[in-house]
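Here is the structure we will look at, set down as structure tokens.
The values are calculated or read from the model by the stated rules, or taken from the named source; none is laboratory data. Bear in mind that the values here come from a model prediction, so they are computed numbers and not experimental data. Glycine also receives a Cβ, built like all others from the backbone with ideal geometry; neighbour counts cover every protein chain displayed. Just so you know, the surface numbers come from the protein's heavy atoms only, side chains and all, with ligands and any DNA or RNA stripped out. Shrake-Rupley method; radii C 1.70, N 1.55, O 1.52, S 1.80 Å.
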Amino acid sequence: MSQSTFQPLPEVLAGPIVRQVHTKQVNFWLMTSKPYEFEVLLHNLINQEVLFDGAASTPELFSQVQVGEHAFVNLLTIPVNVDVKCGTRIYYDIKLCNENELPLTISELLPDLLYQGQTLPSFVFKQAVRQILHGSCRKPHHDSGDGLLVVDSQLEAALEDAQCSPDLLMLSGDQVYTDDVAGPMLVAIKQTIGHLGLFNEALSGAVIENSLDVFEHPDCYYQRPKLLPDDPIAENTQKKFFGAKKKPIFTSVNANNHLISFAEVMAMYILTWSPEMWRLVNIDDKDIPIPFRATFAKEKVAIDQFSRGLSRVRRALAHVPVYMVFDDHDITDDWNLTRGWEEAVYGNQFAKRIVGNALIGYWLCQGWGNNPQGLAGLYQNCREHFSKTGIVEHDKLVDQVLGWEHWHYHLDTSPKILVLDTRTQRWRSESNKNKPSGLMDWEALSELQQELIGQEAVIMISAAPVFGVKLIETIQKVFTFFGKALTVDAENWMAHKGTASVILNIFRNRKTPPNFVILSGDVHYSFVYDITLRFRHNSPNITQITSSGIKNQFPNSLLQWFDRLNRVLYSKYSPLNWFTQRRNMLVKHRRPDNHQMRTLLNGSGIGLLKVDGDCSKVEAQQLCASGKVVTFKKGD
């Protein structure tokens, strides 16, 4: 039951976030506590040229999905009917209209959305991309700084110096962690669901009958694996899919507070992007079992620090075009890693519902704004499942979203940007269901190649690095050989022979671009490689740039050993290179600030890519949350 009668709710729950922007259109995403209609003003403050001024609540311009008694997801699509010069700063305001109330504007409702000296939020439109902020892996309770605060600082500086204004922000995966939730965050999620009346759902095949019962169950906090599905016939789903399995190389995946319901997922997005609902929740440990209270107290310190920065995070996302793509933690760890995993999870009704709920949340809060026209069909197919009182035919909605095949997209910028779906278009192993699936199947890779033909340069977004650390990939290969791909997250492009062969052939194809930049995340450390083809004149120039995480880090001592061993075992002239699938490619490491004894950088923050028009000059920096700026420099 909603608790909204006990205290007033904010009009805007999350957002506004600037989403897809191009020459003829601007898109805004926001969540509100009422079914508002909207009026939008866009103009160029310098010469007062009005780009749009009017209602945004016609069916062509406005899409709204109710997800709770007091929660509405809104996507505003605003046409721009005049030619906008590249580099123009566009100012905007959004008016919230309700027939029973006086209109309210975003600039009045959210004064902390504005930078000092500004009267309206704004963003810079650029079709020619020269600077991109990028990163992945933002875990709220990780004990590190938040890289999105660095984005806020960059945008504030750009108001004084247009030359340093980023063209867009690319978030390449794990924007939320639905499978790794801190106890204090789960307490906030429970209260947010109550305040907003986020829709309850019945659950089949579960210990609990409906989603509200989760919070009344004694195993709700830190013991959720007991509530999650277990299918011993299909390779023990609990251990393979949800279990907090220990990984001898990487960190443990903490599924003890794994989100279950759609309401939990939506509350997680609100609490991850906006400060508003944090002002209404009270975090205490009265419902936490005694054995877990020490962990709760430690996590609360990190969560308190995280929530204090959210006003600046919301401000940043309102001042730059933002694009996103999923990786596994947006849904669940090891999502679609192997054919066996898929058989276990999608063959279990409860497990399928959990995955589906997270993917519905991704569609509404992330995917929709990337490509509104491309996802219009999904909206048309799914909107009938959302009513004023709850979700209708929930399982059919899950099937619709799981069956969607168009999460990938491209931006018609210069150079062209291609954003890959490396999660739902997998190349499954037919020989062994425990072998890792390829990150993209043959059909998806063929479509990718067609997008590349004729381009002079391309910036490609792949959640996992196409060219990763060879030592770590070798370790993953050894574990895979013994049927333990899930143990080490064998999520790399070289793990599946078919996918590896096709993607490498794409780079070798003479019709594909001479210059590639690949932006990736996922791995919780940062590095930059320059790759060329051996034994070929006019080789394409490929730069692999990995920035990770925004708020996450690799265990430092372990990373130092991996870095050292990788440099020794896979040095430029090492014969071990000839046992890898990249044997015909020469990989040169860029050193962080020309450091001769390090290639991998550990530190939360955000990446900054600077390129020229044809990507022949590529500069990569890591803007660390600590304040340090690290430049990756080419060696000899």
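Starting at the first residue of region 344-355, write each ³J(HN,Hα) from the Karplus equation 6.51 cos²θ - 1.76 cosθ + 1.60 with θ = phi - 60°, in whole Hz, x for Gly and Pro.
My calculation for region 344-355 gives 5, 7, 6, x, 10, 4, 5, 4, 4, 4, 4, 4 Hz in order.
Calculate, in nm to one decimal, what Gln349 and Ser539 gain on full extension: separation in residues at 0.36 nm each, minus their alpha carbon distance. Write out the running numbers ahead of the final one.
Numbers: separation 190, 0.36 × 190 = 68.40 nm, distance 4.97 nm.
Taking Gln349 through Ser539 to full extension adds about 63.4 nm, to one decimal.
Share of region 309-414's accessible area from carbon and sulfur, percent, 1.4 Å?
Looking at region 309-414 in its full context, I get 45 percent from C and S.
GluC sites (Glu not before Pro), restricted to region 72-123: which are DSSP loop and have at most 15 other Cβ atoms within 10 Å? Intermediate results must be reported in sequence, preceding the final value.
Numbers: sites: Glu99, Glu101, Glu108; in loops: Glu99, Glu101.
Qualifying residues, ordered by number: Glu99, Glu101.
What distance in nm lies between label points placed 7 Å from Cα along the C-beta direction at Lys511 and Ser616?
According to this spin-label approximation, the distance is 2.5 nm.
Defining a contact as two alpha carbons under 8 Å apart and six or more residues distant in sequence, what relative contact order in percent does the chain show? List each step's numbers first, then the result.
On the way: 1419 pairs, mean separation 98.8, N = 636.
Taking the mean separation of contacting Cα pairs over the length of the chain, I get 16 percent.
So how much slack lies between Ser446 and Ala297, counting 0.36 nm per residue of separation and subtracting their Cα-Cα distance, in nm? Please report the intermediate quantities before stating the final value.
Working: separation 149, 0.36 × 149 = 53.64 nm, distance 5.05 nm.
Difference between extended and current length: 48.6 nm.
Compute the distance in nm between two label points, each set 7 Å from the Cα along the Cα-to-Cβ direction, one at Lys628 and one at Leu558.
2.1
Considering only protein heavy atoms and a 1.4 Å probe, what is the carbon-and-sulfur percentage of the accessible area of region 67-147?
Working: 1510 of 3120 Å².
So the carbon and sulfur contribution to the accessible surface is 48 percent.
Go through Lys190/Lys226; Lys95/Lys610; Lys435/Lys617 and tell me which ones have a Cα-Cα distance over 27 Å in this structure.
With Cα atoms farther than 27 Å apart: Lys95/Lys610; Lys435/Lys617.
Which ³J(HN,Hα) values in Hz, rounded to whole numbers, follow from the phi angles of region 310-324 under the Karplus curve 6.51 cos²θ - 1.76 cosθ + 1.60, where θ = phi - 60° and Gly and Pro get x?
So the Karplus estimates, Gly and Pro as x, are 6, 4, 6, 5, 4, 4, 4, 5, 8, 10, 7, x, 10, 10, 9 Hz.
Convert 37 °C to kelvin, take the viscosity as 0.692 mPa s, use the Kirkwood radius over C-alpha pairs of the chain as Rh, and evaluate the Stokes-Einstein diffusion coefficient in µm²/s, rounded to a whole number.
On the way: Rh = 25.0 Å.
Estimated diffusion coefficient is 131 µm²/s.
For region 505-556, build the charge dipole from Cβ charges (+1 Lys, Arg; -1 Asp, Glu) around the Cα centre, then report which of Phe516, Val528, Gly549 sits farthest towards its positive end.
Phe516
Rounded to whole Å, give me the distance from the Cα center of region 499-559 to that of region 359-429.
27
Compute the length gained on full extension between Leu120 and His22: take 0.36 nm times their separation in residues and subtract their Cα-Cα distance, giving the result in nm to one decimal. Don't skip to the answer; put the middle values down first.
Numbers: separation 98, 0.36 × 98 = 35.28 nm, distance 2.05 nm.
33.2 nm is the gain from fully extending Leu120 to His22.
What is the local net charge at Ala267, summed over the other residues whose Cβ is closer than 14 Å to its Cβ (Lys, Arg +1; Asp, Glu -1)? Before the final figure, lay out the partial values.
Numbers: positive: Lys190; negative: Glu69, Glu201, Glu264, Glu276.
My count for the surroundings of Ala267 gives -3.
Rounded to the nearest 20 debye, what is the charge dipole size of the chain about its Cα centre when +1 sits on each Lys and Arg Cβ and -1 on each Asp and Glu Cβ? Mind showing how you got there, number by number?
Details: 63 positive and 69 negative charges, 626 e Å.
My answer is approximately 3000 debye.
Along the charge dipole of the chain, Cβ charges K/R +1 and D/E -1, which of Ser414, Phe386, Leu397 sits furthest on the positive end?
Ser414
Can you tell me the FRET efficiency between Lys497 and Ile453 if r is taken as the Cβ-Cβ distance and R0 is 25 Å, rounded to the nearest 0.05?
The formula returns an efficiency of 0.55 here.
With a probe of 1.4 Å, find how much accessible area region 75-206 has per residue, and write the answer as a whole number in Å².
Details: 4420 Å² over 132 residues.
Result: 33 Å² of accessible area for each residue.
Taking θ as phi - 60°, what are the ³J(HN,Hα) couplings along region 539-544 by the Karplus curve (6.51, -1.76, 1.60), each to the nearest whole Hz, with x for Gly and Pro?
Per residue, the Karplus-derived 3J(HN,Hα) values read 5, x, 9, 10, 10, 9 Hz.
Taking every DSSP beta bridge with both residues inside the chain, roughly what % is antiparallel (nearest 5)?
Working: 76 of 100 bridges.
Roughly 75 percent of the DSSP beta bridges within the chain come out antiparallel.
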